[in-house]
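Since the structure comes first, as structure tokens, the remarks are kept for the end.
The values are calculated or read from the model by the stated rules, or taken from the named source; none is laboratory data. Note that the coordinates shown come from a computational prediction; the quantities given were computed from them, not determined experimentally. Cβ: placed from backbone, ideal geometry, glycine included. Neighbour counts: every protein chain shown.
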Amino acid sequence: MPNATMSLEKFDELNLQLKEHTKELAYHIVGDPLVLSNLNDYLNISKKHNLKVNITTTANNINQKHYKALINETIKQINFSINSYNANSHKKSLDEYLDPILAFIKYAQENNHEYFINLRIWNLDDNKSAKVFNEKVFNKINKTFNTQINIDEVYKNRPKNIRIDRKIFFNFDEYFNWPNLKNDFVSKNGFCYGLDSHFGILSDGSVVPCCLDQNACINLGNINKQSIKDILRSKRVKNIQDGFRKNILVEELCQKCEYRTRFDKKD
Ligand code: SF4
């Protein structure tokens, strides 16, 4: 889908509707909230509607211009996708990438941040393909925060989180492939939290069942034409939800979604 930004007016109207359904928003489905020069205006709208906000960012361009927005009291947590360093086409050294993030964390600490800051390392795999990169990141964090995070222990114990400092954590997960209709078929049966714990709204207003449907393959409706309430009451939504409850994947995208398999019960 082409890049687009939802207007502040539309966002305000949407927050008003969303507070009937949720207490929390996550400002991202692929899009990075730090590209917005007026991020604080969006945060203030969510704050006005008593909605808490989760920010996820590659932090490729984080600088002092973002600081005011990033200490907005409506923020519940900030996730820095550290493993995105390898996926992006910038030419920064690892230090050039990490130093501005660490500078911001220092600023947040000086301002007694109450939200969580997570450094996401979502690249663990059995082949340890990102081990060299991860070790460099751990060395830098150990030096900065006087921690003793050990790369071998992380691969051996596969922790979900490791505490770095007050309200600051490493958050670990495995690599995953984005669901796509061109992917190989995975399964017709299974469960997912899409349309249960969350759903997504793309910048063009398309409503999707989860935060991975970046191209609106499962387009449930559009907020520019219908209310959220009506979209969530639709037959297609009910079919997907009933399917998940009965362990049936109704939609083709879900049948080709490898990410979902992490919710399968292990024997
Ligand atoms: S199965 Fe995959 S595509 Fe379907 S709702 Fe869940 S995460 Fe989204």
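In table form, for the structure just shown:
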quantity	calculated
Residues (within 11 Å of the ligand (Cβ to nearest atom) and either part of a strand (DSSP E or B) or over 19 Å from Gln241 (Cα atoms) (or both)) located in region 199-214	Gly200, Val208, Gln214
Pair list, Cβ under 8 Å, 6 or more apart: region 81-110 residue within 19 Å of Tyr27 (Cβ to Cβ), other residue among the charged types (D, E, K, R) and at pLDDT 95 or above	Ser81/Arg120; Ile82/Arg120
Some residue of region 233-243 being more than 8 Å from the ligand (Cβ to nearest atom) and part of a loop (DSSP other than H, G, I, E, B)	yes
Residue check for Val186: of a type outside the set (S, T, N, Q), farther than 30 Å from Glu9 by Cα, buried (at least 16 other Cβ atoms within 10 Å of the Cβ) and away from the ligand (no atom under 14 Å from the Cβ)	no
Enumeration of residues in region 2-26 that are within 18 Å of the chain's Cα centre (by Cα), more than 15 Å from Asn224 (Cβ to Cβ) and at pLDDT below 95	Asn3
Residue selected from region 1-50 under the condition in a loop (DSSP other than H, G, I, E, B) and of a type in the set (Lys, Arg), by the criterion surrounded by the most Cβ atoms within 10 Å (Cβ to Cβ)	Lys19
Scope region 114-149; condition within 20 Å of the chain's Cα centre (by Cα) and either surrounded by fewer than 16 Cβ atoms within 10 Å (Cβ to Cβ) or farther than 17 Å from Asn86 by Cα (or both); matching residues	Glu114, Tyr115, Phe116, Ile117, Asn118, Asp125
Residue check, Ile164 farther than 18 Å from Lys136 by Cα, β-branched (Val, Ile, Thr) and surrounded by 13 or more Cβ atoms within 10 Å (Cβ to Cβ)	no
Qualifying positions in region 163-177 - assigned to a loop (DSSP other than H, G, I, E, B) and within 22 Å of Asp152 (Cα to Cα)	Tyr175, Phe176
Extreme residue, surrounded by the most Cβ atoms within 10 Å (Cβ to Cβ), among residues of region 51-81 that are within 17 Å of the chain's Cα centre (by Cα) and among the small types (Gly, Ala, Ser)	Ala59
Long-range neighbours under 6 Å by Cβ, at least six apart or interchain, first residue among the basic types (Lys, Arg) within region 165-185, second surrounded by 14 or more Cβ atoms within 10 Å (Cβ to Cβ)	Lys167/Phe116
Cys217 being in contact (Cβ under 8 Å) with a residue 12 or more places away in the chain, within 15 Å of Asp196 (Cβ to Cβ) and either surrounded by fewer than 15 Cβ atoms within 10 Å (Cβ to Cβ) or within 14 Å of the ligand (Cβ to nearest atom) (or both)	no
Any hit, region 58-70, residues being more than 30 Å from Asn134 (Cβ to Cβ), at pLDDT 95 or above, hydrophobic (A, V, I, L, M, F, W, C) and in a helix (DSSP H, G or I)	no
Filter pass, Cys192 being touching a Lys or Arg at 6+ places or on another chain (Cβ under 7 Å) and either assigned to a loop (DSSP other than H, G, I, E, B) or near the ligand (Cβ under 9 Å from one of its atoms) (or both)	yes
Test for Lys76: is it farther than 19 Å from Ala130 by Cβ, out of contact with any His (no Cβ under 7 Å at 6 or more places or on another chain) and part of a helix (DSSP H, G or I)	no
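Table: residues versus (1) out of contact with any helix residue (DSSP H, G or I) (no Cβ under 9 Å at 6 or more places or on another chain); (2) within 9 Å of the ligand (Cβ to nearest atom); (3) β-branched (Val, Ile, Thr).
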site: Pro159; (1), (2), (3): no, no, no
site: Ile162; (1), (2), (3): no, no, yes
site: Phe169; (1), (2), (3): yes, no, no
site: Asp230; (1), (2), (3): yes, no, no
site: Leu253; (1), (2), (3): yes, yes, no
site: Lys256; (1), (2), (3): yes, yes, no
